[in-house]
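Student: Here it is: the structure, laid out below.
Quick note: the coordinates plus some simple rules give every number you see, no bench work behind them. Given the structure is predicted, the values throughout are model-derived calculations rather than measurements. In this analysis, Cβ positions are derived from the backbone assuming ideal geometry, glycine residues included, and neighbour counts consider all displayed protein chains.
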Amino acid sequence: MKLKIGVLFGGASVEHEISIISANQVINVLDNEKYEVFPIYISKEKDMYYSKQYFEIATFKNLEKAKNSGVNIVLKKQKQVIEMHTMNNKLFSSKISDIDVFFPVMHGTNGEDGTLQGMLETLDATYTFCDTKAAAVGQDKVFMKCILNNNGVNVVDFEWFYENEYFDDEETIINRLETNIHYPMIIKPANLGSSVGISIAHSKSELKDSIVEALRYENKILVERVIENLLEVNCAVLGDYDTQETSAIEQVFQSGDILSYEDKYTANNDSKLGSKSSGMAATKRIIPAPLSEEVELKVRTQAIKGFKALNLSGDTRIDFLIDKNTNEVFLNEVNTIPGSLAFYLWQAKGLDFENLCEDLIKYAIKRKRESKQLITTFQTNVLDNYGQVGSKGSKSKV
């Protein structure tokens, strides 16, 4: 029998539209001889919809019409089976199908950050990519850098603060940044991806403007030292805690001081949403990156070390900064559900997109099988010995 795969995409994220493109690539590459695919669209309002029309990316030219073309759905657990039902006001909803494996293709907040993974864990569902804890840590750049720093993975100098701390004592924060980081410095929202809200400051006035801009998206801000003679490379890792494989390494190019949203998703891409959009594959790049054997080894070693330190699983694209003056390699960030699943990095190593997706499904099933062997509850008589609860109940000690 075919495995029933629920591909989740969209969501309340600034990367909503990019998720649609990535998911469309996955939906149309899964082998229909092995899998029955159910595209599940999550709107910007966090409602879930299903429609066979979602196989066509042209459906999403108008997001409001895309919602209206689908049925509002809800996920239910019935015994050990996860079911997809239509959601209505009647006593009984209509079952559409069971779902064996969920395949989230969601980027950024409310999808890649552990939020969706937590819901799937509560349902006891089988799902691809990393678990709730790793997803949350991988999305929060501050958590990530602290863990990497404590596990011997090289990261650039950084500082961080909350919005209220900045507005309570702006000058102290500015002085700390100028003392510990120095200009130029890069300012980032702690929990966003796709370079949204990121800018470089060369002076105090630019720094203040950059912080205010970043605070439009997130109340937790990361500030890092800028490597001025910079080479940016990316390397993907496929696996789990047990096994890891690295992809080809790419060099990426930006049109300005930073690799922007436009650099990532619209460069060399004349296609419109509705035709064959290439997503993250549109970025200007060289594969393989022109690295010496020594630097390439550093990148691959740090990629696996960071992957394991953060307890990642599935397919993660890891972005690196290389100081061309010193050949020092810094792990910049991880993308636990990368745009286009970084399939182009695996293709360059002989693993095509279809088999990459199949590997992700296999890792999801492996994790679920292993988790079933762990003890998560135990029998106890604590409630038997607890006194009657209520306004007139007796008090008992546990």
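Student: Taking 8 Å as the Cα distance limit and 6 or more residues as the minimum spacing, I'd like the relative contact order of segment 3-127 as a percentage. Write out the running numbers ahead of the final one.
Tutor: On the way: 235 pairs, mean separation 37.1, N = 125.
Relative CO of segment 3-127 lands at 30 percent.
Student: Another one. Could the peptides 299-305, 183-189 be put in order, highest first, of the mean number of other beta-carbon atoms found within 10 Å of their residues? Could you put the intermediate results ahead of the total?
Tutor: Numbers: 299-305: 19.0, 183-189: 21.1.
The peptides rank, most packed first, as 183-189, 299-305.
Student: Per DSSP H run of n ≥ 4, the term is -39500 (n - 2.57); total these for the chain, divide by its residue number, and report the mean residue ellipticity at 222 nm rounded to 500 deg cm²/dmol. Can you show the working numbers first?
Tutor: Working: 12 runs with 117 residues, N = 398.
The helix-only estimate for the chain comes to -8500 deg cm²/dmol at 222 nm.
Student: Order 33-46, 62-75 from most to least packed using the mean count of other Cβ atoms within 10 Å.
Tutor: Numbers: 33-46: 17.6, 62-75: 15.6.
My ranking of the peptides, most packed first, is 33-46, 62-75.
Student: Moving on to the next point. Which ³J(HN,Hα) values in Hz, rounded to whole numbers, follow from the phi angles of segment 34-41 under the Karplus curve 6.51 cos²θ - 1.76 cosθ + 1.60, where θ = phi - 60° and Gly and Pro get x?
Tutor: Once θ is set to phi - 60°, the couplings for segment 34-41 become 9, 10, 9, 9, 10, x, 10, 8 Hz.
Student: Over the chain, what is the relative contact order in whole percent, taking alpha-carbon pairs under 8 Å and six or more residues apart? Spell out each step's value before the answer.
Tutor: Values: 796 pairs, mean separation 63.7, N = 398.
Once normalised by length, the contact order is 16 percent.
Student: Which far-off residues, 5 or more places away or on another chain, put their amide H under 5 Å from the one on LEU30, with H placed in the peptide plane?
Tutor: none
Student: Taking all pairs of distinct Cα atoms, average 1/r, flip it, and tell me the Kirkwood hydrodynamic radius of segment 158-225 in Å to one decimal place. Walk me through the intermediate numbers first.
Tutor: Values: mean 1/r = 0.0871 Å⁻¹.
By the Kirkwood definition, the hydrodynamic radius is 11.5 Å.
Student: Take the Cα pairs of segment 128-258, get the Kirkwood Rh, then feed it into Stokes-Einstein at 10 °C and 1.306 mPa s and tell me D in µm²/s. Each step should come with its number before you reach the end.
Tutor: Working: Rh = 16.2 Å.
D = 98 µm²/s.
Student: Can you give the FRET efficiency to the nearest 0.05 for ASN325 and PHE167, using r as the Cβ-Cβ distance and R₀ = 56 Å? Write out the running numbers ahead of the final one.
Tutor: On the way: r = 37 Å, r/R0 = 0.66.
About 0.90, to the nearest 0.05.
Student: For the chain, with the dipole built from +1 on Lys and Arg beta-carbon atoms and -1 on Asp and Glu ones, taken about the Cα centre, which of ILE5, THR115, VAL252 lies farthest toward the positive end?
Tutor: Value: ILE5.
Student: Next question. Starting from the eigenvalues of the Cα gyration tensor, five times each then square-rooted, give me the equivalent ellipsoid semi-axes of the chain, largest first, whole Å. Don't jump to the answer; show the numbers that get you there.
Tutor: Numbers: eigenvalues 258, 164, 101 Å².
Equivalent ellipsoid of the chain: 36, 29, 22 Å, largest first.
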